[in-house]
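Novice: Pasting in a structure now, in structure tokens, and then I'll have a few things to ask.
The values are calculated or read from the model by the stated rules, or taken from the named source; none is laboratory data. This is a predicted model, so every value here is computed, not measured. Virtual Cβ from ideal backbone geometry, glycine too; neighbours counted across all protein chains shown. The protein model used for the area step is the full one, side chains on, heavy atoms only, and it has no ligands, DNA or RNA in it. Shrake-Rupley method; radii C 1.70, N 1.55, O 1.52, S 1.80 Å.
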Amino acid sequence: MEVIIVRDYEEMSTRAAQIAIAALQKKPDMVLGLATGGTPEGLYAKLIEAHKNDGLDFSNVVTFNLDEYVGLGPDHEQSYRYFMNDKLFNHVNVKPENTHVPDGLAVPLLASCAAYDEMIRQAGGIDLQVLGIGRDGHIAFNEPGTSLGSRTHVTGLTRETIEDNSRYFASPDEVPRFAVTMGIASILDARKCLMLASGASKADAVRATIEGPVTSQITASALQMHPDTVVIVDEPAAAQLERADFYRWQDENRHLIADKL
Ligand code: PGA
């Protein structure tokens with residue numbers, strides 16, 4: 001894992017955008033894995049800016065989102081399909097038919113989960129997977145206890161996740177209790193992972209993810225097994241990291257060997 005500690009949300013979004021933009025420029029027909037939530041919004045705003053100001057081209061990009069609430073359709077303002085259209089897809093030149101979000105209305109759901117994994121495979125696999133992290137250490141909706149070998153599946157949501165996500169709903173009662181989510185093994189198949197975390201409420205989960213044991217109790221910790229993961233955390237989210245000085249030193253000095261890499 002490459003750990004990058006930055007000052008704040010703005011800098012986290014800027015560093016993440018630099019990585020995503022470089023990947024897109026290198027491979028214009030890349031398969032981009034996307035996440036919802038407050039964390040990647042700043043990154044998406046910067047991708048839109050790069051499209052509008054510098055012509056960053058999404059015309060050949062294929063996207064796959066991590067998850068969707070069971071029972072919410074694309075027109076529901078709290079659905080993740082709606083979020084993605086609103087925060088990114090409607091503002092860049094990605095082809096709508098190239099964007100994929102799990103279908104929370106599909107019946108039977110399990111068959112559509114298997115089909116989702118197959119679609120990712122047929123697209124050639126995910127080149128860069130953007131991830132946030134939940135307070136309970138989840139990536140996508142892989143809640144504590146999810147098998148680290150899981151593929152796209154249906155899951156219940158924990159009390160913490162329902163509480164955290166209730167900020168988008170009129171009341172916690174309206175938050176769906178189930179979701180469709182890519183699994184940990186599906187995520188680990190991505191060629192590169194980019195996990196972002198901002199704010200003090202994520203500090204414990206970030207510490208456990210980076211410096212704790214690999215465990216299904218903190219599903220993000222499975223990223224320790226991934227050969228190419230970058231984690232960008234702001235100061236408040238990095239506050240519990242014991243080896244912060246080493247991560248900072250490494251990030252500050254990486255340029256010294258850049259031409260040898
Ligand atoms: P957030 O959610 O970006 O809204 O904090 C992250 C997550 O639950 O994965």
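Novice: Conditions: (1) assigned to a helix (DSSP H, G or I); (2) within 15 Å of the ligand (Cβ to nearest atom); (3) not charged (D, E, K, R). Ala140 meets all but one. Number of the miss?
Specialist: Looking at each condition in turn, Ala140 falls short on (1).
Novice: Let me ask something else about it. Say we look at region 115-137 and pick out the residues that are more than 9 Å from the ligand (Cβ to nearest atom), buried (at least 20 other Cβ atoms within 10 Å of the Cβ) and not polar (S, T, N, Q); which of these is nearest to Gly104 (Cα to Cα)?
Specialist: In this case the residue turns out to be Tyr116.
Novice: I need every pair where a residue in region 30-48 that is of a type in the set (Asp, Glu) has its Cβ under 8 Å from the Cβ of a residue that is away from the ligand (no atom under 13 Å from the Cβ), sequence separation at least 6 or different chains.
Specialist: Qualifying pairs under 8 Å: none.
Novice: Go through region 71-86 and give me each residue that's open to solvent by 40 Å² or more (accessible area, probe 1.4 Å) and either assigned to a loop (DSSP other than H, G, I, E, B) or farther than 24 Å from Arg121 by Cβ (or both).
Specialist: Gly71, Pro74, Asp75, His76, Glu77, Gln78, Tyr82, Asn85, Asp86
Novice: Let me ask you something else. What are the residue pairs meeting all of these: first residue in region 139-162, first residue at positive phi, second residue charged (D, E, K, R) and within 16 Å of the ligand (Cβ to nearest atom), Cβ atoms under 9 Å, and 6 or more apart or on different chains?
Specialist: From residues that are at positive phi, the pairs are Ala140/Asp67.
Novice: Quick test for you: out of Ala205, Ala185, pick the one residue that is closer than 27 Å to Gly73 by Cα and touching a residue at least 12 places away in the same chain (Cβ under 8 Å).
Specialist: Exactly one residue qualifies, and that residue is Ala185.
Novice: Somewhere in region 159-175, is a residue of a type in the set (Phe, Trp, Tyr) and either open to solvent by less than 10 Å² (accessible area, probe 1.4 Å) or assigned to a helix (DSSP H, G or I) (or both)?
Specialist: yes
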